[in-house]
1. Among (1) assigned to a loop (DSSP other than H, G, I, E, B); (2) open to solvent by less than 80 Å² (accessible area, probe 1.4 Å); (3) modelled with pLDDT of 85 or more, where does residue 57 come up short?
2. Using beta carbons and a limit of 8 Å, which pairs, at least six apart or on different chains, have the first residue in segment 3-20 and open to solvent by 90 Å² or more (accessible area, probe 1.4 Å) and the second one at pLDDT 95 or above?
3. Exactly one of (1) more than 30 Å from residue 96 (Cβ to Cβ); (2) hydrophobic (A, V, I, L, M, F, W, C); (3) at pLDDT below 90 is unmet by residue 14. Its number?
4. Take the residues in segment 64-74 that are of a type outside the set (Val, Ile, Thr) and under 18 Å from residue 85 (Cα atoms), then tell me which one is most open to solvent (accessible area, probe 1.4 Å).
Amino acid sequence: MGHPLSCDLRDRALAAVDAGLSRRGAAERFRVSAASVIRWDQLRRLQGHARPKPQGGDKTSHRIEAHAEVILEAVPVQPDITLEELRALLAGRGVSVAVSTLWRFFDRRGITLKKRPGMLRSRSVPTS
């Protein structure tokens, strides 16, 4: 994902528009797209500023976190439960989530659901 252009550039382009330059002319002067200057001008008119919106961050984990107690209680009851079985358990409660959502839920907590212990190395010398 790209990054937003600086507030300084936005301010200079909009100052040029305020000084009488067209929005497309300001775009050419500052080597940005005309759509960007038009959008910044509209934002400034609506919000009073043309600062970029924050990017990134978690926007959806609150849905699964609301059911954390149910999920975390199911694991000790059935230690070998799969993520698909957990998904079915939640679906029975009217919650629709993907297996990857459950994986990230456990990853945030540092919980791994291993089905069997790790195997010993088959050779004691490094292979090439």
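1. (3)
2. 12/30
3. (3)
4. Initially, segment 64-74 is screened for residues of a type outside the set (Val, Ile, Thr), giving 65-69, 72-74.
Of the ones still in play, those that are also under 18 Å from residue 85 (Cα atoms) are 65, 67-69, 72-74.
On the way: 65: 62, 67: 57, 68: 14, 69: 129, 72: 67, 73: 106, 74: 17 Å².
Ranking the candidates gives 69 first.
The values are calculated or read from the model by the stated rules, or taken from the named source; none is laboratory data. Not measured: the values here are computed from a predicted model. Note that we place each Cβ from the backbone using ideal geometry, even for glycine, and neighbour counts take in every protein chain shown. Areas reflect the complete protein model, heavy atoms only, side chains present, ligands, DNA and RNA absent. Shrake-Rupley method; radii C 1.70, N 1.55, O 1.52, S 1.80 Å.
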